[in-house]
Amino acid sequence: MGPETGDDGIARCPWGAAPGAMRDYHDTEWGVRVHGEAAYLERLTLEAFQSGLAWSTILHKRPAFREVFLGFDADAVSAFTVDDQARLMQDTRIVRNRRKIQAAVANARATVALRAQEGLESLVLGFAPDVPPAPVTTEQLATTSDGSTALARELKRRGFAFVGPTTMQALMQALGVVDPHLVGCHRHGVAR
């Protein structure tokens, strides 16, 4: 399936064609480069929590995620105790999955440890492909790539959790490390 023209006459990736939160996310965030450790940690955390769920669920809960994970400040989240994690398991405003909450804390700790080297942002950007993909249909969108597989392997080596190749491909798309928009979508080629 290729781009769809919405009620506003603009061509978009099919999942972002209808008005609402998903369209807003498609048009303003998905595939747009962000900068800074907290922005990268937020996207990494949200992609991990999204695993097995609809992205719209995560977008709906995003304000609560930002609140409970203290703006994704790596220092603050890395200091979370077992009691803090238990408190999060009781918070109905977020996805309550023990392994994902534990991964968020572990990933904050690994992010802090990365500062002595290149930092999370530089590490992720180091896996950008030399030739970005240019999918024409949704069937051509990769769910994994050599880059996402290598990034997953490297992050795991450095102590990160819930960072499989599919989740890392989604992260690379969300961050604009690869242009995720279909050829013909008004956002294709402009997000970087």
*So which helices (runs of 4 or more DSSP H) are wholly in segment 100-192 and hold at least 1 residues that are out of contact with any helix residue (DSSP H, G or I) (no Cβ under 8 Å at 6 or more places or on another chain) and within 22 Å of T81 (Cα to Cα)?*
146-157
*Take the residues of segment 37-63 that are small (G, A, S) and out of contact with any Asp or Glu (no Cβ under 7 Å at 6 or more places or on another chain): which is farthest from A174 (Cα to Cα)?*
G52
*Output the residues belonging to segment 127-147 that are farther than 13 Å from M168 by Cα and either free of Cβ contacts under 8 Å to residues at least 40 places away in the same chain or among the polar types (S, T, N, Q) (or both).*
D130, V131, T137, T138, Q140
*Residues (touching a residue at least 40 places away in the same chain (Cβ under 8 Å) and at positive phi) located in segment 2-60*: G31, G36
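I'm trying to understand the selection: among the residues of segment 31-44, which are closer than 18 Å to A110 by Cβ and either buried (at least 23 other Cβ atoms within 10 Å of the Cβ) or acidic (D, E) (or both)? Outline the logic, then answer.
We begin by selecting, within segment 31-44, every residue closer than 18 Å to A110 by Cβ; these are 36-44.
E37, Y40, L41, E42, L44, listed by residue number.
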*Among the residues of segment 71-92, count how many are more than 20 Å from V177 (Cβ to Cβ) and part of a helix (DSSP H, G or I).*
13
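Read the figures in this text as sums done on the coordinates, not as results from a lab. Only a predicted model underlies this, so the values are computations on that prediction, with no experimental measurement involved. With ideal geometry, Cβ positions are generated from the backbone for all residues, glycine too; neighbour counts draw on all protein chains shown.
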